[in-house]
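First the structure, in the form of structure tokens, and then the observations on it.
Just so it is clear, none of the values below were taken in a lab; they were calculated from the coordinates. Remember, predicted model here, so these are calculated numbers, not experimental data. Note that we place each Cβ from the backbone using ideal geometry, even for glycine, and neighbour counts take in every protein chain shown.
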Amino acid sequence: MPISNDLIKPTGKTFLDAYLFENLEQLRILSDEWMKTYSNEMPHGSLNDLTPNEYAAKAVWIFHAIVYHLFQYKVYQYFS
């Protein structure tokens, strides 16, 4: 009888389902590589289907645009 954990989101089949590991260290290495790929290179629905790196770059660009426009507004008000 399988044990269910509501805190773990099912992700479907992964390399773990089809791979026979030689030892636990190999499993750790492949798991770490998969997590890095999943966390940095795969698009996420919660990030508007962008990768985390793309989302961060977009957020920085938006922040700089806002600061630039606020600065321009303050300069305009100062000289008006």
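Before moving on, here are some points about what is shown:
- Long-range HN-HN contacts of Thr51 with modeled amide H, under 5 Å: His44
- Placing +1 on the Cβ of every Lys and Arg and -1 on the Cβ of every Asp and Glu, with no other charges, gives the stretch 20-79 a dipole of roughly 520 debye about its Cα centre.
- You can think of it this way: the chain between Ala56 and Asn40 has 4.7 nm of extra reach, that is 0.36 nm per residue less the Cα-Cα gap.
- Given charges at Cβ of Lys, Arg, Asp, Glu: the stretch 20-79 dipole, positive-most of Val67, Met35, Ser46: Val67
- Per-residue Cβ neighbour rank within 10 angstrom, fewest leading, Phe71, Phe21: Phe71, Phe21
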